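What follows is a short report on a single structure.
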Amino acid sequence: MPHSDSANADTFRTPIVAVLGHVDHGKTSLLDKVRGSAVIEGESGAITQHIGATAVPLDVVSTIAGDLVDPTEFDLPGLLFIDTPGHHAFSTLRARGGALADIAILVVDVTDGFQPQTHEAVSILQDSETPFVVAANKIDTIPGWNPTPNAPSKTSYESQSDRVRSTLDEQLYEIIGDLSDAGFSADFYWRVSNFQSNVGVIPVSAETGEGVPDLLAVLMGLAQRYMSDEMEVDISGPGAGTVLEVTEERGFGSTLDVILYDGTIEEGDTIVVGGTTGPIVTTVRALLRPRDLAEIRTEKRFEQVESVSAAMGLKIAAPDLEDAMSGAPVRVVGDKDTDTMVEAVQEELAEVAVETDDEGIVVKADTLGSLEAIANSLREAEIPILRAEVGDIAPRDVSVASAVDEGTHQAILGFNVGVHEDATDQAAESGVRIFRDDVIYQLIEDYEAYVEEIEQRQREAVFENVIRPARFRILRDHVFRQSGPAVVGVEVATGTLGRNVPVGFVEDGDFERVGVLKTIQDEGEDLDQLRAGERAAVSIEGPTVGRDFDEEDVLWVDLPENHAKVLEQELREDLPADEREALAQYLEIQRERDPFWGK
């Protein structure tokens, strides 16, 4: 954050707070408790999936925190909460290459502990070097908990029975242990004296409001004590922010929801905004600001203002914003050269551009942030991306997806986006599968399940046409006909014995083919195959019993080399254990003679 020694140097901006945590651990409920607006009702399966911001002024913080916060001790104007869809948005909401948030709350369900996304969130906080506190949520669900609504959690904690306290202690120590494994020293917040080197764990309940006073007090104290220098900004400088969303606003057309994290923006300013086809240069027509304690996502009534200073969630109305991208930078040109600012925005956009492959799937997302987040998750899952763009799914996306060679890649993944009607029809005609969801991991899981289904069908089709390995024995006293064809009783030792397969035996390390096993019968009924341990009568064309083989002899299915190769390299995992053994033994026999056989 730029530090200024000008006359404005004593102006402190609001610290920006992000809330991260595993699905359903109570991120939104906790923010709701703080801001008193029930956004949660409209959310996808109670999972926060859009980026909003709530300004909580110092006097409100002080009212909620009671004796814990004395407003006269603070220079900072309050807290600005970003209601992120978890850590993905946090990691992609940038401010000049760093995380947009100054400080974070990691929400952990006290009864559920660390979950996969909690671990993910911790490593993101570690990578971005963002200071954080832990809100150990849902303390009210501990059996026997006696709630004191909206009380500081230390007071509440001390008023519980010994049994309840020891249950909570146990669960909190587990969270502290998990943090320790991740390389963080942590403790109950009231035992922490240096929050720079220790993570404070704050027991809270989003349901009863217990612990919310402590949470706000700790955040304010942490920001005031360790971040005052960073919060000092030259607010007279040109504004810099990040686009949360592009929305249509009646009377204004396309507008930008923006978090301004530095400087000032005024009506009439020339701004540069990242767009889908490159930077957009435009002029601010109106600045709309939500009232304090209003969440930018849900508040319909805005007040129009002439200028706004950091940090603030605001709406910008200006011409030519249709192609602006969520997650992109917004810069006020100020006294700089417009071309220089365009170049700077271009560079920042290049930083978040998704790397694509020559072959892969098409990805569409509603914001630049979520596009990068989903691209990162796809990379982790080793799913290649052919094209990744912000916007709804359109016919041209279907054309691109239908032209790829690999069947499993003829798919479009859409995160939080709509689909044009023509695109739906075209996809149905061209066999392109469209996946849509507003939860990233769900979208990827659905796609992976689809790929698995296709691959399973392909394997089954190959299985139907491939000769399977088997070793079997001719049973004593079970010769029903000696030749033309020979009909004998057999028992399969390992593998799967099918019909119409060449068979033979091994002698002195060489394989001798004796004929073709044509049919399998058991008590007059025709069978397609016999598995290990099963017995039946088989007809073998070619040999004569007594001359070419005898009772008690062991015979093998004579696998063609190309079939053996497919079985070993592509289908081995799908074979039963005994059949894998039969294949390995058969390959060993053939490779004694030729080490490269079937490779």
*the range 317-327: number of residues that are among the small types (Gly, Ala, Ser), assigned to a loop (DSSP other than H, G, I, E, B) and either open to solvent by less than 10 Å² (accessible area, probe 1.4 Å) or touching an Asp or Glu at 6+ places or on another chain (Cβ under 6 Å) (or both)*: 2
_Restricting to the range 256-272, name every residue that is more than 14 Å from Val305 (Cβ to Cβ) and at pLDDT below 95._
Leu256, Asp257, Ile259, Tyr261, Asp262, Gly263
*Enumerate the pairs (first residue in the range 266-287 and touching a residue at least 24 places away in the same chain (Cβ under 8 Å) and over 18 Å from Asp337 (Cα atoms); second residue anywhere and surrounded by fewer than 16 Cβ atoms within 10 Å (Cβ to Cβ) and aliphatic (A, V, I, L, M)) with beta-carbon separation below 7 Å, excluding pairs fewer than 6 apart on the same chain, so at least 6 apart or on different chains.*
Leu287/Val305
*Mind telling me which of the residues Arg476, Arg459 ends up being open to solvent by 80 Å² or more (accessible area, probe 1.4 Å) and either among the charged types (D, E, K, R) or not in a helix (DSSP H, G or I) (or both)?*
Arg476
*Tell me which of these Val330 doesn't satisfy, since it passes every other one: (1) at pLDDT below 90; (2) more than 29 Å from Val60 (Cα to Cα); (3) open to solvent by less than 80 Å² (accessible area, probe 1.4 Å); (4) in contact with a Gly (Cβ under 7 Å, 6 or more places away or on another chain).*
(1)
_Matching option when the condition is part of a strand (DSSP E or B) and under 26 Å from Leu68 (Cβ atoms), among Val134, Val164_ = Val134
*Give the range 199-230 a look and list any residue that's assigned to a loop (DSSP other than H, G, I, E, B), over 29 Å from the mean Cα position of the chain (by Cα) and closer than 13 Å to Ala135 by Cβ, or say none.*
Gly209, Glu210, Gly211
*Pick from the range 167-193, criterion without any contact (Cβ under 8 Å) to a residue 12 or more places away in the chain and assigned to a loop (DSSP other than H, G, I, E, B), ranking: farthest from Val134 (Cα to Cα)*: Ser193
*assigned to a helix (DSSP H, G or I), β-branched (Val, Ile, Thr) and under 20 Å from the mean Cα position of the chain (by Cα) - does that describe any residue in the range 375-392?*
no
_Odd one out for Ala182 among (1) over 17 Å from Gln115 (Cα atoms); (2) touching a helix residue (DSSP H, G or I) at 6+ places or on another chain (Cβ under 8 Å)_ = (1)
_Pairs where the first residue, in the range 373-400, is farther than 13 Å from Ile434 by Cα and the second is among the β-branched types (Val, Ile, Thr) and open to solvent by 40 Å² or more (accessible area, probe 1.4 Å), C-beta under 8 Å, 6+ apart_ = Ile385/Thr356; Leu386/Thr356; Arg387/Thr356; Ala388/Thr356; Glu389/Thr276; Val390/Thr276; Gly391/Thr276
*Which one of these is outside any loop (DSSP other than H, G, I, E, B), of a type in the set (Val, Ile, Thr), open to solvent by 30 Å² or more (accessible area, probe 1.4 Å) and modelled with pLDDT under 95: Val308, Val400?*
Val400
_Residue, modelled with the lowest pLDDT, within the range 333-364, restricted to residues that are under 30 Å from Gly407 (Cβ atoms), touching an Asp or Glu at 6+ places or on another chain (Cβ under 8 Å) and not charged (D, E, K, R)_ = Val354
_Restricting to the range 345-371, count the residues that are surrounded by fewer than 22 Cβ atoms within 10 Å (Cβ to Cβ), in a helix (DSSP H, G or I) and in contact (Cβ under 8 Å) with a residue 24 or more places away in the chain._
5
_Any residue at all in the range 465-473 that's closer than 26 Å to Ser370 by Cβ, open to solvent by 40 Å² or more (accessible area, probe 1.4 Å) and at pLDDT 95 or above?_
no
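Considering only the range 62-108, how many residues are modelled with pLDDT under 75 and open to solvent by 20 Å² or more (accessible area, probe 1.4 Å)?
8
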_Pairs needed: first member in the range 431-454, under 21 Å from Gly418 (Cβ atoms) and at pLDDT below 90; second member anywhere, of a type in the set (Phe, Trp, Tyr) and surrounded by fewer than 16 Cβ atoms within 10 Å (Cβ to Cβ); C-beta distance under 8 Å; at least 6 residues apart or different chains._
none
*Is there a residue being assigned to a loop (DSSP other than H, G, I, E, B), at pLDDT 90 or above and open to solvent by 70 Å² or more (accessible area, probe 1.4 Å) anywhere in the range 291-300?*
no
*Applying the selection to the range 341-370, what residues are of a type in the set (A, V, I, L, M, F, W, C) and under 19 Å from Arg433 (Cα atoms)?*
Ile361, Val362, Val363, Ala365
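Quickly run through the range 138-161 and pick out the residues that are in a loop (DSSP other than H, G, I, E, B) and touching a residue at least 40 places away in the same chain (Cβ under 8 Å).
The answer is Lys138, Pro147, Thr148, Pro149, Asn150, Ala151, Pro152.
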*Going by the structure shown, is Arg436 basic (Lys, Arg), open to solvent by 40 Å² or more (accessible area, probe 1.4 Å) and either in contact with a helix residue (DSSP H, G or I) (Cβ under 6 Å, 6 or more places away or on another chain) or closer than 30 Å to Glu541 by Cα (or both)?*
no
_For Gln196: the one exception among (1) buried (at least 16 other Cβ atoms within 10 Å of the Cβ); (2) outside any helix (DSSP H, G or I)_ = (1)
*How about the range 520-573: which of its residues are within 21 Å of Leu587 (Cβ to Cβ), open to solvent by 50 Å² or more (accessible area, probe 1.4 Å) and free of Cβ contacts under 8 Å to residues at least 60 places away in the same chain?*
Arg531, Glu561, Asn562, Lys565, Glu568, Gln569, Arg572, Glu573
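The values are calculated or read from the model by the stated rules, or taken from the named source; none is laboratory data. Model, not experiment: these values are computed from the prediction. Note that each Cβ is placed from the backbone with ideal geometry, even for glycine, and that neighbours are counted across all protein chains shown. For the accessible areas, the whole protein counts, side chains as well, though only heavy atoms, and no ligand, DNA or RNA atoms are used. Shrake-Rupley method; radii C 1.70, N 1.55, O 1.52, S 1.80 Å.
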